[in-house]
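Novice: If you scroll down you'll find the structure; I have some questions about it.
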Amino acid sequence: MPSMAAAIALLAACSGGTAVIAHRPSSGPYVLNTIRPSRYACPATGPLKYVSDGRDHAIDVFAGKFAEQAPCAQLALSSLQNPQGLFVQPRTHDLYVANTGAGDVIVFHRGDTTPYNTYSDPSNQAPQDVTVASDGTVIASNVVSAGVERGSISTWIGGPNGGIFVGNFPMPDQAMGGSITVQANGTVYYNDLDGTLWSLSCPGGACGPQTQVAGVSFVFSGGLGSDMTDDLLAIDQGASRLDTFELPDPTPSTIPLTHPAGMAINRLDHHLFVTDPADNTVAEYTYPGGALIGTIHFTLGGVGYGIAVDPGHALK
């Protein structure tokens, strides 16, 4: 098992280069530079898409359908260290960031460029992804754990000042943790870097037994999510596709994709969003049809692993 530093370096290397706007030309991909003070000029209403740049420690924010537009905001500050998985809580519109390099989860209000809350596991974890259950429980999947060096799940009762830490729950197969999602009925799914899928329940943050999902495996695991009927969505990076499962049936329907990594879905307009770090691209598709709507190419910088969507409502 590699060390935490090695694992974080691997994730950062997979996240691409700088994802920061300098100006947008009249047509084609926008141009980037490395001078990136945080700024915010996104609309108060309507959908927003967040894309992490783990290598350059930033998050770009986009409004409107993907069509080679510049970001309307950039979050770039010292507390962001190799951000990976992202999640937007639809009820509050808050952005949760798996801040892998800093070993914590930080939270932004929509419209703000500095976080208002930080969740930390005292056992010193490197979170790869994060989600929030309907009861407000914050759940992170850790790629490695310091000292023990194995994947795990961390949970908190959501609240101010870092909430209440509930516990750390090691993954049973000694693998590095990957993506995580929680469904409306409270079922939590996560994958690991060995290509397996697991389920569990964490009511109030108290996670129960972890069960490998029978018959499901991935060439190389990617992002997870759930569609409008709570079918499980899973990116298989190695097979270059999105798998949609009606579990317990292990046979998915599939959408072919190019170099997919992270994914998010807007349940209101049935649009799918996928990161492609290999080509420095993020793409928007119809779901479940898989028709390409538009893309954004980063000419000098790096698209990271994480992507999240706020379906869009007025600021509160």
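Novice: In region 211-225, how many residues are open to solvent by less than 10 Å² (accessible area, probe 1.4 Å) and either of a type in the set (Ser, Thr, Tyr) or touching a helix residue (DSSP H, G or I) at 6+ places or on another chain (Cβ under 8 Å) (or both)?
Specialist: Matching residues across region 211-225 total 1.
Novice: Could you list, in sequence order, all residues of region 98-125 that are under 20 Å from Val188 (Cα atoms) and modelled with pLDDT under 95?
Specialist: Hit for region 98-125 is Gln125, nothing else.
Novice: Oh, and also: Please tell me if Thr187 is within 19 Å of Pro90 (Cα to Cα), crowded, with 18+ Cβ neighbours inside 10 Å and in contact with a Ser or Thr (Cβ under 7 Å, 6 or more places away or on another chain).
Specialist: No; evaluated as a whole, the condition is false for this residue.
Novice: For residues in region 237-255 being within 17 Å of Phe273 (Cβ to Cβ) and not in a loop (DSSP other than H, G, I, E, B), which is farthest from the chain's Cα centre (by Cα)?
Specialist: Of the residues in region 237-255, the ones within 17 Å of Phe273 (Cβ to Cβ) are 237, 240-244, 255.
Then drop every residue that is not not in a loop (DSSP other than H, G, I, E, B), which leaves 241-244, 255.
Values: Arg241: 17, Leu242: 15, Asp243: 17, Thr244: 18, Ile255: 19 Å.
Result: Ile255.
Novice: Ok, one more. Can you pull out the residues in region 191-227 that are within 18 Å of the chain's Cα centre (by Cα), of a type in the set (A, V, I, L, M) and not in a strand (DSSP E or B)?
Specialist: Scanning region 191-227 gives a single hit, Leu193.
Novice: While we're looking at this one, here's another question. Determine which single condition Leu193 fails, assuming it passes every other condition in (1) under 17 Å from Ile307 (Cα atoms); (2) open to solvent by 40 Å² or more (accessible area, probe 1.4 Å).
Specialist: Going through (1) under 17 Å from Ile307 (Cα atoms); (2) open to solvent by 40 Å² or more (accessible area, probe 1.4 Å) one by one, Leu193 breaks only (1).
Novice: Let me ask something else. Answer yes or no as to whether Gln69 is surrounded by fewer than 23 Cβ atoms within 10 Å (Cβ to Cβ), at pLDDT 80 or above and either assigned to a strand (DSSP E or B) or on the phi > 0 side of the Ramachandran plot (or both).
Specialist: No, not satisfied.
Novice: Also, I was wondering about something else. Report yes if some residue within region 54-63 is open to solvent by less than 20 Å² (accessible area, probe 1.4 Å), more than 16 Å from the chain's Cα centre (by Cα) and modelled with pLDDT under 95; otherwise report no.
Specialist: Looking for residues that are open to solvent by less than 20 Å² (accessible area, probe 1.4 Å), more than 16 Å from the chain's Cα centre (by Cα) and modelled with pLDDT under 95, one finds none in region 54-63, hence no.
Novice: Given the structure, is Asp243 more than 26 Å from Ala63 (Cα to Cα), surrounded by 14 or more Cβ atoms within 10 Å (Cβ to Cβ) and not small (Gly, Ala, Ser)? Lay out the reasoning, then the answer.
Specialist: Values: more than 26 Å from Ala63 (Cα to Cα): yes; surrounded by 14 or more Cβ atoms within 10 Å (Cβ to Cβ): yes; not small (Gly, Ala, Ser): yes.
Yes: the conditions hold for Asp243.
Novice: Further question: Conditions first: (1) at pLDDT 95 or above; (2) charged (D, E, K, R); (3) open to solvent by less than 20 Å² (accessible area, probe 1.4 Å). Asp231 passes all but one, so which condition is the exception?
Specialist: (3)
Novice: Of all residues in region 167-184, which are crowded, with 19+ Cβ neighbours inside 10 Å and polar (S, T, N, Q)?
Specialist: If we filter region 167-184 for residues that are crowded, with 19+ Cβ neighbours inside 10 Å, which is where we start, we get 168-169, 171, 175-182.
Correct list: Asn168, Ser179, Thr181.
Novice: Now, a different point. Could you list, ordered by first residue, the pairs with Cβ atoms under 7 Å in which the first is in region 160-181 and farther than 15 Å from Val130 by Cβ and the second is assigned to a strand (DSSP E or B) and open to solvent by 30 Å² or more (accessible area, probe 1.4 Å), at least 6 apart or interchain?
Specialist: Final answer for the pair search is Ile164/Ile157.
Novice: Considering each of Leu95, Leu80 in turn, give the residue that is outside any helix (DSSP H, G or I), open to solvent by less than 10 Å² (accessible area, probe 1.4 Å) and at pLDDT 95 or above.
Specialist: Leu95
Novice: For region 260-282, which positions are assigned to a loop (DSSP other than H, G, I, E, B), of a type in the set (Gly, Ala, Ser) and open to solvent by less than 40 Å² (accessible area, probe 1.4 Å)?
Specialist: Of the residues in region 260-282, the ones assigned to a loop (DSSP other than H, G, I, E, B) are 260-262, 267-270, 277-280.
Restricting the remaining residues to those that are of a type in the set (Gly, Ala, Ser) gives 261-262, 278.
Ala261, Gly262 - these are the residues of region 260-282 that are assigned to a loop (DSSP other than H, G, I, E, B), of a type in the set (Gly, Ala, Ser) and open to solvent by less than 40 Å² (accessible area, probe 1.4 Å).
The values are calculated or read from the model by the stated rules, or taken from the named source; none is laboratory data. Please read all numbers here as calculations on a predicted model, not as lab measurements. Methodologically, a virtual Cβ is constructed for each residue, glycine included, from the backbone with ideal geometry; neighbour enumeration extends over all protein chains shown. What goes into the accessible areas is simple: the full protein's heavy atoms, side chains included, and nothing from ligands, DNA or RNA. Shrake-Rupley method; radii C 1.70, N 1.55, O 1.52, S 1.80 Å.
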